[in-house]
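S.K.: This is the structure I have questions about; it appears just below.
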Amino acid sequence: MLKTLRQIASIGIVSEPPPQADESLRLRDGLQDDIRAVLGRALCIRHIDAGSCNGCELEIHALNNPLYNLEGLGIRFVASPRHADLLLVTGPVSKHMEVALRRTYSATPDPKLVVAIGDCGCTGGIFGESYASCGRVSNVIPVDVAVPGCPPSPTRILQGILAALARSPATVAAATGEQP
């Protein structure tokens, strides 16, 4: 230990130069500012599985991992539709989930956004419309943005969420300076 301390005293403290600023951090700060300007808080999402195979759910869960860090962008998932700004719906709407999806939609406060995820949510997928399936999400509730793919990547899902936010009436009002 004494040898190490003598070496530190003779050489001094040697450290690496600081790293360069990361531009992605500036983008994240700008996105957080945009979300707060529109909503005044974080964007709250309620996920609804209307009858999917869970492929899209795995990609949605990936949005919360450290690579995508959805919470760091000011976007979070909530357990109640009463706290949600956006509904993220996966799968073809099964007949058993039709009433639940309508109730969830009506419980979400205005202005509400809906994003349909995956081929099944956008078109009904291989299930289509049948005795057990209502088909795509837009057959049951209005959809603002559809994100195709089987399953779509987390990046595509995030792009769909941001596209819905950009089309939001509150966003348009904030950009023009009017009241929503």
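Only the coordinates and a few stated rules stand behind these numbers; no lab work does. Just so we're clear, the structure is a prediction, and the values are computed from it rather than from any experiment. Backbone-built Cβ (ideal geometry, glycine too); neighbour counts: all protein chains shown.
S.K.: Go through region 45-130 and name the GluC sites (Glu not before Pro) that are in a DSSP coil and have 13 or fewer other Cβ atoms within 10 Å of their Cβ.
M.R.: Glu129
S.K.: How far is it, in nm, from the label point at Ala107 to the one at Leu67 when both lie 7 Å from their Cα along the line to the Cβ?
M.R.: Result for the modelled spin labels: 3.3 nm.
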